[in-house]
Each structure stands twice: as structure tokens, then as C-alpha cells.
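Everything below concerns the one structure shown next.
The values are calculated or read from the model by the stated rules, or taken from the named source; none is laboratory data. The structure displayed is predicted, hence computed values, not measured ones. Please note: Cβ atoms are built from the backbone with ideal geometry, for glycine as well, and neighbour counts cover all protein chains shown.
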Amino acid sequence: MAGVINGNGGGRRGVRVRMRPNSDINITPMVDVMLVLLIIFMVTAPLLTAGVAVDLPKTRAPFLSQDKEPLTITIEKDGKVFLQETEVTAAELVPRLTAIAENGYDQRIFVRGDKSVDYGTVMQVMGELNAAGFRRIGLVTEPPRGESKKSK
């Protein structure tokens, strides 16, 4: 025996059902944006480290941790000297560094010398820095291929 329970055919016509708001956070777009940013920073970070390309000697020394951007002096294989990315002569180097130090710069100075540059040229630059009163001088090297970056 077939029968109808409601007069409206068993449906809920005319009855308004209240839907509760969904309180879940959709994190998929956020994860997508973060992955894109990660890729962008991974690609651009190595380009920001140094402006003058030199072939650094390889060593097994650990990496130094840095809080500020380092002040870098680069010596190319043909003997050209750069302060950051600006080419300077030997006579201009110490006055420019002294002007930077007067502005409150108390950071280590890194000397990057190409591995084929004359040892005497590197020592001449370091001697000028030492004679000018700069005592926090470091030499920059490159780890051998296959070594992971370790910092202590």
C-alpha cells in the first residue's frame, strides 16, 4: 500500500534551512604563494652576495655567520681593486674606507682575491688596511665542490 505522508510529496518546499558559515581556513592559496616566494628567493639570493666575479681559492674552513652586509674588497686577477662593486685605486682605498668607518661602520672587512692574483698584491692591500688602523680583516675563500654550507 503506497501512501503519502505529507501533502507536499515528502520534500521541504518553502522551509528555509539555515547554513552555518564555514570556519575552516583554506590554506592552499597561501601555500602556493609561499612556494613561489621561496623559489624566487632561492634564485635571487646567490646573485646578491657579490658584485665582482672572481675565482676564489677553495678551502675547508667553515662559513662565518653575518648580521650586517659585509664590506668587501675584491682583487681581480689583473690587479684591479674594487670596494664593494666600485673600482678604486690603491690610493683611494684607505680614504674611502676611513670615510665609511667615520659613519659608525664597525664591521669586519672581507678581502676577496682571485686565486691567480699575485700574493704580493693581496698583501699590499691588506698592509694598507692594517696601516690605516683596520684590524678586523678576513680573507674570503670558497668551499670545495660537493661540500655543504656549514656555519658555526
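Would you say THR44 is within 21 Å of ALA131 (Cβ to Cβ) and at pLDDT 75 or above? In short, no. For segment 101-123, taking the residues that are surrounded by 15 or more Cβ atoms within 10 Å (Cβ to Cβ) and not in a loop (DSSP other than H, G, I, E, B), the one that is modelled with the lowest pLDDT is identified as ALA101. Scanning segment 18-38 for residues that are hydrophobic (A, V, I, L, M, F, W, C) and part of a helix (DSSP H, G or I) turns up MET30, VAL31, VAL33, MET34, LEU35, VAL36, LEU37, LEU38.
For PHE82, state whether it is of a type in the set (Phe, Trp, Tyr), at pLDDT 85 or above and closer than 20 Å to LYS115 by Cβ. Criteria met by PHE82. Determine, yes or no, whether ARG20 is of a type in the set (D, E, K, R) and at pLDDT below 65. When the stated conditions are applied, ARG20 does not pass them.
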